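Visitor: Would you mind keeping the following structure in view while I ask a few things?
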Amino acid sequence: MQVTEHSGNPTGDLTYALRKVCKRYGDGTAAVHALRDVDLEVKPAEMLVLLGPSGSGKSTLLNIMGGLDRATSGEVWFGNQNLSSMNDDALTQYRRKRVGFIFQFYNLIPSLTARENVELVNEIADDPLPAAEALELVGLGGRLDHFPAQLSGGEQQRVAVARAIAKRPAIMMCDEPTGALDVRTGVRVLEALVEVNQRFGSTLLLVTHNADVARLGDRVVRFLDGGIRSIESNSRRAAPSDLEW
Amino acid sequence: MRVLDRKVLRDLWRMRINVFAIVLVLGCGVAILVMAVGMRGSLERTRLNYYAVYKMADLAVSLVRAPANIANALAAVPGVSAVETRVTGLALLDLPGVKEPASAHLVSLPRIGRPRVNDLSLAQGRWPDPDRADEVLVNEALATANGFQLGEELAATLHGQRHTLRIVGIANSPEFVFVTAPGEIFPQQDRFGVIWMGEEALARAYDLEGAFNNAVFRLSPEVDSVKIKRAIDVALAPYGSAGAYDRDRMPSDRFLTEELGQLATMAAFLPTFFIVIAAFLVNISLTRIIAAERSNIGLLKAFGYSDRAVATHYAKGALLMAAGAAALGSVAGWLLGRMMASVYQEYYRFPRLEFEASAGVYAGALGIAVACAVAGSLTAVIAAVRLAPAAALAPPPPTSFGSNSAMLRSFSSHLDAKSRIILRRIVRFPRRSATTVIGISLAIAVLVLAGTFPAVMERLMHVNFTEANRQDVSLSFVDAREMSVVHGVMNLPGVILVEPGRADRVILHHAGKSVEETLIGLLPDARLSRLVDARLEVIHPPAAGIALARALAEKLDASPGDLLEIEQTRGRRLITHARVATIVDPMVGASAYMEIDALARLMREPGLITGVNVRLDAAQYDRFNAAIKEAPALAGASFINLAERSMRENFDRGVGVMNFIYLSFASVMAGGVAFSAARITLAEQERDLATLRVLGFTRLEVSYVLVGELAALGLLAVVPGVIAGTLIGEWLMKLFSNDLYSFPYVFNAAGYAVAIGFALGCVAAAAMLVRTGVDRLDMVGVLKARD
């Protein structure tokens, strides 16, 4: 794994430290600024909600922090590694070892069963949770050998959660995980996420445009027009079952 | 232009690489069709036209000697519209700068005017002056092969006397479109030709002054040739007539008919084969392209476009591709046809052979291209149009991968997840996998076929020139000679071994069928000229009776034990009988065979032979040739080394060019199939592959999923491809076998290896090319969009 060491370890005890992160698409007059000078710090085991309307830059930031995309300028520190200066292979290794992803549209492999979708990731993880155990955790112990087409949307998303947690990731990146779900199934998915956050101590970054969901987080980062408008701490995290949307 | 039409053009542009592959492959099929069908038509038309304009004989007859005034009686036979009496003979030629003697067929020209039958077209020079005995015309093939110039002199031995002939013109005749020496199977244009000279000079040389020994006839339309032949035979009976015969027994026409038959086989088979492959490929591509257009179809329907309008919209795209393929294929076919015509022109001496495909051929090509494209897109368009707009707009439900057989489950449990993805996709989409496998196997089959032809020709040459004919030279005599001539030949310089030979041109009759063939006398325990079958085993002559080659036996409907009537075609026109002893399968030639002495007795010429086979001391080659150039009794000398060389040259230029064209097209097809399959697989899997990348799989690991599927399909195609290629090859060889050769199917391991290697190489190259798409996968984009 290629690692860019930094003698001064700018993050200290932080999981992430972002300095003046910009993301620009295009050049000159046609340039679109998706992110402008974003500074952000994320603590270990924190549950951070990125909230904002669509196009506000929250997903772009998540993609950059997840190693799916690169900042145009600025620094993105994960521990003592600078993601901004990593090459493609190093970013792949970063995603492989550190990050669990959950997407709005599940992104399961249709030709693999629930168990196999989890095993797919376990094959490249160092010390994974057995697939059956991971699926048990999200309440799918009875549906191990079902293919995605045989599962409901909520079940598919919980398979995705199981897939993300099986590698015991340091970070969980969730992009609108309940966006395609109704309330009841959405709550079950969120419960699974909260459970993982508390049980494994994973740092959890959750992108949503739903203000109610934001009540789940330790802190809520509000986005507008490619910048952070405010960062609020929740004195008390809400339980998923308290949410309504 | 309507917006929807603009969309058609933009869609084609967007998918230009796939479109290009489809157009190229379909275009190949069309090109082969235009070339093969057009070439066959061109040759047939050219022959018909040539025969009509230059008055090709309908009947011919050879005789010993008839007085010139008999011509009037022949012309008076009802139904005969023209007759030309001639003097013909064979001569040995001593060509400048050539060691071995060549030979020529000599034909007389009338003193006044042009021949009324079998007229000549003068390619160069002028007609001979009837008062100059030494002025001659030579046929264009011989002149070109030897680089003869007008005014050049040739030394020729006519009837035992040496003459010096001067070339004043170069000509072609419908009688000699294809020139082979009597008894030879393979043409040697540089070694056997035709010389036309004044009637008086030729008659003098052959002691036939005021007489003729050959006549050719044109008949009035729609007359009964049987009656006319009978009348001619009656009129010529006192003069040693060998019997009048029809055009189908004239050597050049017979050969041309055989060749046209082969061309017809190819014109029917090969384009069909290529078009079927092309249709297949178009189907694979279009079905998958249109399946990807599902949401657009839903959108159009939601806007209120009718099913018909939507179907027409997609059909237009297919039709445009078909039109492109037809245009490309027609131009390529026309160019290839012209190229083939110039190759054929070297073999078939027509005054002008121009490739010309009729409008019908081009229209047919367009029709077939359109049919392929429409058939290819039909199922997909219908399926898409049938969906309710809302269903079409919504993403398709995740494909169900439910019901796998227990066997497959236990097998896949041994695989890693990535290999399981590959396996499940192949099994889950059996039709799609099957079409790709069939496409690649057809490409392998074509390549196997293309590799088989040269191997078969190589085997044929090996058998003929190494196993069967182990002599260095075959000498044939003007008349049958006593066996003692063998001693005379033995005394020629450089001769190591001499074996007698005998061949009689006969007509075999059985069960109401008649076939003119050569009855060959075989020497038991021959060391030089032997009859060999496809397994390289020597066929021995039967102790008694006659052995028939299978093709000949079939033509005569004869089996062992049947009594054949045998009619001599020269001299006394003896009619005799012999029983069929056995059926044999020689590889080259399809004649009748007897033990040599038995044959001589059957022909009532005991102890007489018609030629000898000679093994030479290579060091004395030149001295031997110098000696036989002077020999009066020789009608011809056939040199095995020269025959092999000219056959090889013929092959390289004729079949070789053809084969090269097919090989190129097969390669384009293999590449097209592989590339289309690869691109479409990438398009279908893009989302899954991007997801794998997001999950932290490396490019190499993700590429494995993509390339692995193609590799698996490619490997699955090997066995059916090889089997299909072999079966079609065997069938084609049977189809191509004719009177002259029986083509064995030769298992050519190297050819198979090349075919498999090339096809899989195409798959690998296509996979590698498409694999670069994995590097460009849009990881961010894929997470935003649904399936």
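What follows draws every value from the coordinates through simple rules; no lab data is involved. Bear in mind that the values here come from a model prediction, so they are computed numbers and not experimental data. No Cβ is skipped: glycine too gets one built from the backbone with ideal geometry, and neighbour counts run over all protein chains shown.
Visitor: Determine, for B:ILE290, B:ILE628, B:ILE382, the number of other Cβ atoms within 10 Å of each Cβ, and report the residues in order from fewest to most.
Guide: If I rank by nearby Cβ atoms, fewest first, I get B:ILE382, B:ILE628, B:ILE290.
Visitor: Residue by residue through the range B:70-75, which ³J(HN,Hα) values in whole Hz follow from phi under the Karplus form 6.51 cos²θ - 1.76 cosθ + 1.60 (θ = phi - 60°), with glycine and proline marked x?
Guide: 4, 3, 4, 4, 5, 5
Visitor: Between B:GLU567 and B:ALA302, what is the spin-label point distance in nm, taking each point 7 Å from the Cα along the Cα→C-beta axis?
Guide: 8.5 nm
Visitor: Here's another thing I want to ask about it. For a quick check of your reading of the filter: which trypsin sites (Lys or Arg not before Pro) in the range B:542-607 sit in a DSSP loop and have no more than 14 other Cβ atoms within 10 Å?
Guide: Working: sites: B:ARG550, B:LYS555, B:ARG570, B:ARG572, B:ARG573, B:ARG579, B:ARG601, B:ARG604; in loops: B:ARG570, B:ARG572, B:ARG573, B:ARG604.
Passing both the DSSP loop test and the Cβ count: B:ARG572, B:ARG604.
Visitor: Amide H neighbours of B:PHE743 under 5 Å, counting only residues 5+ apart in sequence or on other chains, H built in-plane at 1.01 Å?
Guide: Close amide H contacts, sequence-distant or interchain: B:SER737, B:ASN738.
Visitor: With 32 Å as the limit, write out which pairs from B:LYS55/B:LYS629; A:LYS20/A:LYS97; A:LYS58/A:LYS97; A:LYS23/A:LYS43 have Cα-Cα distances beyond it, or answer none. Kindly include the intermediate steps, with their values, before the conclusion.
Guide: Details: B:LYS55/B:LYS629 35 Å; A:LYS20/A:LYS97 26 Å; A:LYS58/A:LYS97 23 Å; A:LYS23/A:LYS43 23 Å.
Cα-Cα > 32 Å for B:LYS55/B:LYS629; rest within.
Visitor: Let me ask something else. Treating each Cα of the range A:170-245 as an identical point scatterer and ignoring solvent, apply the Debye formula and state log10 I(q)/I(0) at q = 0.22 Å⁻¹.
Guide: -1.09
Visitor: While we're here: Given H placed 1.01 Å from N in the peptide plane, which residues other than close sequence neighbours of B:ARG502 have an amide H under 5 Å from its amide H?
Guide: Result for B:ARG502 returns B:GLY521, B:THR610.
Visitor: Want the number for B:MET339 to B:ALA383: 0.36 nm per residue separation, take away the alpha-carbon distance, what's left? Present the calculation step by step, with values, prior to reporting the outcome.
Guide: On the way: separation 44, 0.36 × 44 = 15.84 nm, distance 4.45 nm.
Length gained, B:MET339 through B:ALA383: 11.4 nm.
Visitor: Continuing with this model, one more query. Less than 20 Å apart at the alpha-carbon level, and either on another chain or at least 8 residues along: which lysines does that give for B:LYS227?
Guide: B:LYS513
Visitor: Count the DSSP beta bridges whose two residues both fall in the range B:57-250, then state the antiparallel fraction as a percent rounded to the nearest 5. Don't skip to the answer; put the middle values down first.
Guide: Details: 37 of 49 bridges.
Within the range B:57-250, antiparallel bridges account for around 75 percent of the total.
Visitor: Additional query: Where in chain B are the helices, taken as whole DSSP H runs, whose Cα atoms extend 27 angstrom or more along the long axis and whose Kyte-Doolittle mean reaches at least 0.5? List each step's numbers first, then the result.
Guide: Values: long enough: B:16-53 (51 Å, 1.16); B:251-292 (61 Å, 1.14); B:307-347 (57 Å, 0.52); B:359-386 (38 Å, 1.76); B:430-462 (46 Å, 1.01); B:655-694 (55 Å, 0.82); B:699-736 (51 Å, 1.42); B:749-775 (39 Å, 1.51).
For chain B, where a helix must reach 27 Å along its axis and average at least 0.5, the hits are B:16-53, B:251-292, B:307-347, B:359-386, B:430-462, B:655-694, B:699-736, B:749-775.
Visitor: May I pose another question? With all distinct Cα pairs included, what does the Kirkwood hydrodynamic radius of chain B come out to in Å, to one decimal, could you say? Walk me through the intermediate numbers first.
Guide: Working: mean 1/r = 0.0328 Å⁻¹.
Taking the inverse mean of 1/r over all distinct Cα pairs, chain B comes out at 30.5 Å.
Visitor: Given an 8 Å cut-off on Cα distances and at least 6 residues of separation, report the relative contact order of the range B:495-616 as a percent. Don't skip to the answer; put the middle values down first.
Guide: Details: 269 pairs, mean separation 46.6, N = 122.
It comes to 38 percent, rounded to a whole number.
Visitor: Still on this structure, I have one more. What is the order of A:ARG19, A:ARG199, fewest Cβ neighbours within 10 Å to most?
Guide: Working: A:ARG19 18, A:ARG199 10.
Fewest to most other Cβ atoms nearby, the residues stand as A:ARG199, A:ARG19.
Visitor: Then there's this: Contact order normalised by length for chain B, with contacts defined as Cα pairs under 8 Å and 6 or more residues apart; what percent is it? Walk me through the intermediate numbers first.
Guide: Numbers: 1442 pairs, mean separation 137.4, N = 787.
Value for chain B: 17 percent.
Visitor: Out of all DSSP beta bridges in chain A, what portion is antiparallel? Express it as a percent rounded to 5.
Guide: Working: 20 of 38 bridges.
Of the beta bridges lying entirely in chain A, close to 55 percent run antiparallel.
Visitor: Put a dot 7 Å past each Cα toward the Cβ at A:GLU232 and A:ASN210; how far apart are the dots in nm?
Guide: With each label placed 7 Å out from Cα toward Cβ, I get 1.8 nm.
Visitor: Further, regarding this structure: To check you understand DSSP bridge types, tell me what percent of the beta bridges within the protein assembly as shown (both residues inside) are antiparallel, rounded to 5.
Guide: On the way: 99 of 137 bridges.
Expressed as a percentage, antiparallel bridges in the protein assembly as shown total about 70.
Visitor: Between B:ARG162 and B:ALA71, what FRET efficiency follows from the Cβ-Cβ distance if R0 is 30 Å, with the result rounded to 0.05? Please report the intermediate quantities before stating the final value.
Guide: Values: r = 31 Å, r/R0 = 1.02.
About 0.45, to the nearest 0.05.
Visitor: Now, a different point. Give the distance, in whole Å, between the Cα centre of the range B:227-243 and the Cα centre of the range B:640-687.
Guide: 54 Å
Visitor: Here is a follow-up. Quickly work out the B:ASP479-to-B:VAL374 label distance, labels modelled 7 Å from Cα along the C-beta direction, and quote it in nm with one decimal.
Guide: The modelled label-to-label distance comes out at 7.2 nm.
Visitor: A further question on this structure: Can you give me the P(r) profile for the protein assembly as shown? Cα pairs, bins 10 angstrom wide beginning at 0, each as a whole percent.
Guide: 2, 9, 14, 16, 13, 10, 8, 8, 7, 6, 5, 2, 0, 0
Visitor: Give the relative contact order (percent, whole number) for the range B:155-219; include only Cα pairs under 8 Å separated by 6+ residues.
Guide: Working: 34 pairs, mean separation 14.6, N = 65.
Taking the mean separation of contacting Cα pairs over the length of the range B:155-219, I get 22 percent.
Visitor: What ranking do A:161-169, B:306-314, B:113-121, B:187-195 get when scored by the average of other Cβ atoms within 10 Å per residue, highest first? Don't skip to the end; give the middle numbers.
Guide: Numbers: A:161-169: 25.8, B:306-314: 16.8, B:113-121: 18.3, B:187-195: 23.4.
Per-residue Cβ counts within 10 Å, averaged per peptide and sorted highest first, yield A:161-169, B:187-195, B:113-121, B:306-314.
Visitor: Moving to a separate point now. For the range A:1-127, rounded, prolate or oblate, judged on the Cα gyration tensor with a ≥ b ≥ c (square roots of eigenvalues), a/c < 1.5 rounded, else prolate if a/b > b/c? Spell out each step's value before the answer.
Guide: Numbers: a/c = 1.77, a/b = 1.28, b/c = 1.39.
Judged from the Cα gyration tensor, the range A:1-127 comes out oblate (a/c at least 1.5, b/c at or above a/b).
Visitor: Also, quick follow-up: Loop-only check: which GluC sites (Glu not before Pro) in the range A:100-135 are DSSP coil with at most 16 other Cβ within 10 angstrom? Don't skip to the answer; put the middle values down first.
Guide: Working: sites: A:GLU116, A:GLU119, A:GLU123, A:GLU133; in loops: A:GLU123.
When the GluC sites (Glu not before Pro) of the range A:100-135 are filtered for loop state and at most 16 Cβ neighbours within 10 Å, A:GLU123 remain.
Visitor: Next up: Whole-Hz Karplus ³J(HN,Hα) for the range A:232-238, in order, using 6.51 cos²θ - 1.76 cosθ + 1.60 and θ = phi - 60°, x for Gly and Pro?
Guide: Going residue by residue, I get 10, 9, 8, 5, 9, 6, 6 Hz, with x marking Gly and Pro.
Visitor: Please find the FRET efficiency linking A:ARG36 to B:VAL276, where r is the Cβ-Cβ separation and R0 is fixed at 45 Å, and quote it to the nearest 0.05. Mind dumping the intermediate values first?
Guide: Values: r = 61 Å, r/R0 = 1.35.
Computed FRET efficiency for A:ARG36 and B:VAL276 comes out at 0.15.
Visitor: How much length is gained on full extension from B:ARG505 to B:ASP129, taking 0.36 nm per residue of separation minus their Cα-Cα distance?
Guide: Full extension from B:ARG505 to B:ASP129 adds 131.8 nm.
Visitor: So if each residue of separation counts as 0.36 nm, and I subtract the Cα-Cα distance between B:ARG114 and B:LEU9, what length gain in nm does that give? Walk me through the numbers before you get to the answer.
Guide: Working: separation 105, 0.36 × 105 = 37.80 nm, distance 6.31 nm.
So the chain would gain 31.5 nm between B:ARG114 and B:LEU9.
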